[in-house]
Amino acid sequence: MFPPLAGHVPEILAAKGGRTWLVQLLLWGMSGEITVKGAKYNGVMPGYRQLSDADLAALLNHISTQWGNKFPAGQRPFTAAEVKAQRAKTLTAAQVNAARKALGLK
């Protein structure tokens, strides 16, 4: 079972640092336990850094606007430049999980 995207992506986007974290998640993947809406999940999500910056921006925009999701007020769609800026970093899946915990999501 996988964590839900519906209703949860806007929560991530609204958290301080959440937008950057979503880009990092798609680039570097994540491993370990997380809690989403009170349910625990423990698994591995692969990164998709083999995709172009434009393709990852399109994917981020898709998950941010589907299943009833909407960007928080004042946020614009993701751009390829935004993805490129995060691609310059090198993170492990465990570091991405630690960064998620720092967002304070429930």
Output the residues belonging to the stretch 71-90 that are modelled with pLDDT of 95 or more and basic (K, R).
R76, K84, R87
Looking at A73, A88, A94, which is the one that is free of Cβ contacts under 8 Å to residues at least 40 places away in the same chain and over 18 Å from E11 (Cβ atoms)?
A88
Which numbered condition in (1) within 19 Å of Q86 (Cα to Cα); (2) assigned to a loop (DSSP other than H, G, I, E, B) is the only one that R19 fails?
(2)
Filter the stretch 22-40 for residues that are within 11 Å of the chain's Cα centre (by Cα) and either among the aliphatic types (A, V, I, L, M) or part of a helix (DSSP H, G or I) (or both); which is farthest from T79 (Cα to Cα)?
M30
Using the structure shown, decide if G43 is closer than 21 Å to A6 by Cβ and part of a strand (DSSP E or B).
yes
Looking at G29, is it crowded, with 16+ Cβ neighbours inside 10 Å, at pLDDT 95 or above and more than 17 Å from A88 (Cα to Cα)?
no
Taking the conditions exactly as written (in contact with a helix residue (DSSP H, G or I) (Cβ under 7 Å, 6 or more places away or on another chain), closer than 15 Å to A93 by Cα and surrounded by 15 or more Cβ atoms within 10 Å (Cβ to Cβ)), does V23 satisfy them or not?
yes
Specify the residue that is surrounded by the most Cβ atoms within 10 Å (Cβ to Cβ); the eligible residues are those in the stretch 33-70 that are among the polar types (S, T, N, Q), modelled with pLDDT of 95 or more and under 20 Å from P10 (Cα atoms).
S64
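Conditions (1) among the aromatic types (F, W, Y); (2) in contact with a Phe, Trp or Tyr (Cβ under 7 Å, 6 or more places away or on another chain); (3) not in a loop (DSSP other than H, G, I, E, B), marked per residue:
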{"site": "S64", "(1), (2), (3)": "no, yes, yes"}
{"site": "N69", "(1), (2), (3)": "no, no, no"}
{"site": "G74", "(1), (2), (3)": "no, no, no"}
{"site": "F78", "(1), (2), (3)": "yes, no, no"}
{"site": "A81", "(1), (2), (3)": "no, no, yes"}
{"site": "K84", "(1), (2), (3)": "no, no, yes"}
{"site": "V96", "(1), (2), (3)": "no, yes, yes"}
{"site": "K101", "(1), (2), (3)": "no, no, yes"}
Being aliphatic (A, V, I, L, M), farther than 17 Å from V83 by Cα, in contact with a helix residue (DSSP H, G or I) (Cβ under 8 Å, 6 or more places away or on another chain) and without any contact (Cβ under 8 Å) to a residue 60 or more places away in the chain narrows M1, M45 down to just M45
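The values are calculated or read from the model by the stated rules, or taken from the named source; none is laboratory data. None of these values were measured; they are calculated from a predicted model. A quick note on method: Cβ atoms are made from the backbone with ideal geometry, for glycine too, and the neighbour counts reach across all protein chains shown.
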